[in-house]
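See structure below.
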Amino acid sequence: MWKEFKEFAMRGNVIDMAVGIIIGAAFGTIAKSLVDDIIMPPIGLLLSNVDFANLSWEIKPGTDVKINYGKFINNIISFFIVALAVFLVIKGINSLKRKEEVVQPEEPATKECPYCYSKISYKATRCPQCTSELKSS
């Protein structure tokens, strides 16, 4: 069982996925900081010094039971920033792949024998009908 686990864990896809998760988590932290520290303070200033992280609704007055909708708004904005970044990365990768895909012109399946005018395979070097030797094209 240990051997099978080791083979599974050392596959390229698993390692690539682990690296992607680690980089994704780090990027999520950067996006959160962008929202909390860069984007939301000017928006809060425009809305008369509102700090979105502190916006909440107290369910029952006098208790600490709150719905922190300000943090939720920050998290929604962070999600959209991460989603936009992932979209742009995938779009860039797809455009690079499309440039790599060079369409090769297809060879015709058949050609005509210049001696007997019968249809023969394009790759044929001798006509099966008249046995004439064909020039390679």
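Some notes on this structure:
- Prolate/oblate/rounded label for the stretch 2-100 (Cα gyration tensor, a/c 1.5): oblate
- Within the same chain, lysines fewer than 8 places from Lys135 are excluded, and of the rest, those with a Cα less than 21 Å from its Cα are Lys111, Lys119, Lys123.
- Cα centroid separation - the stretch 108-123 against the stretch 1-38, whole Å: 57
- Using C-alpha pairs below 8 Å separated by at least 6 residues, the relative contact order for the chain is 12 percent.
- Selection from Thr125, Ala18, Pro61, by position along the positive dipole direction of the chain (Cβ): Thr125
- The chain: DSSP helices with Cα axial extent of at least 15 Å and average Kyte-Doolittle hydropathy no lower than -1.0: 12-33, 69-100
- For the stretch 1-65, a crude dipole built from +1 on the beta carbon of Lys and Arg and -1 on the beta carbon of Asp and Glu, taken about the Cα centre, is about 280 debye to the nearest 20.
Laboratory data are not the source of any read-out in this text; all were calculated from the coordinates shown. Keep in mind it's a predicted model, so treat the numbers as computed, not measured. Quick reminder, even Gly has a Cβ in these numbers, built from the backbone with ideal geometry, and neighbours come from all protein chains shown.
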